[in-house]
1. For residue 91 and residue 190, what is the calculated FRET efficiency with R₀ set at 25 Å and r taken between the beta-carbons, to the nearest 0.05?
2. Given the DSSP H assignment, sum -39500 (n - 2.57) over each helix run of at least 4 residues in the chain and divide by its residue total; what's the result at 222 nm in deg cm²/dmol, nearest 500?
3. For segment 185-231, what D do you get in µm² per second when you plug the Kirkwood radius from alpha-carbon pairs into Stokes-Einstein at 10 °C and 1.306 mPa s?
4. Taking Cα atoms, how many degrees apart are the long axis of helix 132-141 and the longest axis of the chain, rounded to 10 and kept between 0 and 90?
5. For residue 10 and residue 178, what does the FRET efficiency come to when R0 = 22 Å and r is the distance between their Cβ atoms, rounded to the nearest 0.05?
6. Using a Gaussian network model of the chain whose springs link C-alpha atoms within less than 10 Å, name the residue from 212, 65, 30 with the highest mean-square fluctuation.
7. Report, in degrees rounded to the nearest 10, the 0 to 90 angle that the Cα long axis of helix 29-47 makes with the longest principal axis of the chain.
8. Which angle from 0 to 90°, rounded to the nearest 10, does the C-alpha axis of helix 102-114 make with the longest principal axis of the chain?
């Protein structure tokens, strides 16, 4: 998405860029992935601190749950990775109750609606910068429900599971310092469109912001200014500061 010449956005908590933006191209894999990653990056970081915390993760296929020691949550099978190939849950790659594949069906419906190859086909080869994490992030991010996800290493495959009914604190909005850390880490490590990622994260956290030429001012508990530049027609953040 190109930079707007000037725009003020008043965001309500837990607003999805996928459903509200008129500029976002849902037929673009990179834009959809970036929007989904922006939505879930904060809650994923929080869940790892307050739920996971290094605890062993155990799936219970019989009753459709995932366990973190004595805590357990309803599970959805996102996908299975074996021999560098991802198989979506809607292909039922493992045995589990039918209720465990509802999210995967939602993902496939989205892929078919917008003709997104990575989401509509049962099997996806991995490699060349296309990772299982990208698919898991997008699968969780497009849902209207509140999920986190994890990877469980089995003997012959890796299982990616989404889970719900988490404490509401997991989805609390992040503060300025956390946003700064998440953005600074994500830009060099993940192949995201910067504007899409930033606006998605701000909307999901209910943070109002405004555009001034090539700068975005986000109104957290402290204001953050992000400066953008053009990188082959795509806006890229080259500087951030808390002001």
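Rule-based calculations on the coordinates, nothing more; no lab input. Note that the structure is predicted; figures quoted are calculated from it, not measured. Note that we place each Cβ from the backbone using ideal geometry, even for glycine, and neighbour counts take in every protein chain shown.
1. Numbers: r = 26 Å, r/R0 = 1.05.
Computed FRET efficiency for residue 91 and residue 190: 0.40.
2. Details: 7 runs with 75 residues, N = 243.
Result for the chain: -9500 deg cm²/dmol, rounded to the nearest 500.
3. Working: Rh = 11.4 Å.
Translational diffusion coefficient: 139 µm²/s.
4. Roughly 70 degrees, rounded to the nearest 10.
5. Numbers: r = 21 Å, r/R0 = 0.96.
With R0 = 22 Å, the Cβ-Cβ based efficiency is 0.55.
6. In this elastic network of the chain, the residue with the biggest mean-square fluctuation among 212, 65, 30 is 212.
7. Helix 29-47 sits roughly 80 degrees off the main axis of the chain.
8. Between helix and principal axis, roughly 50 degrees.
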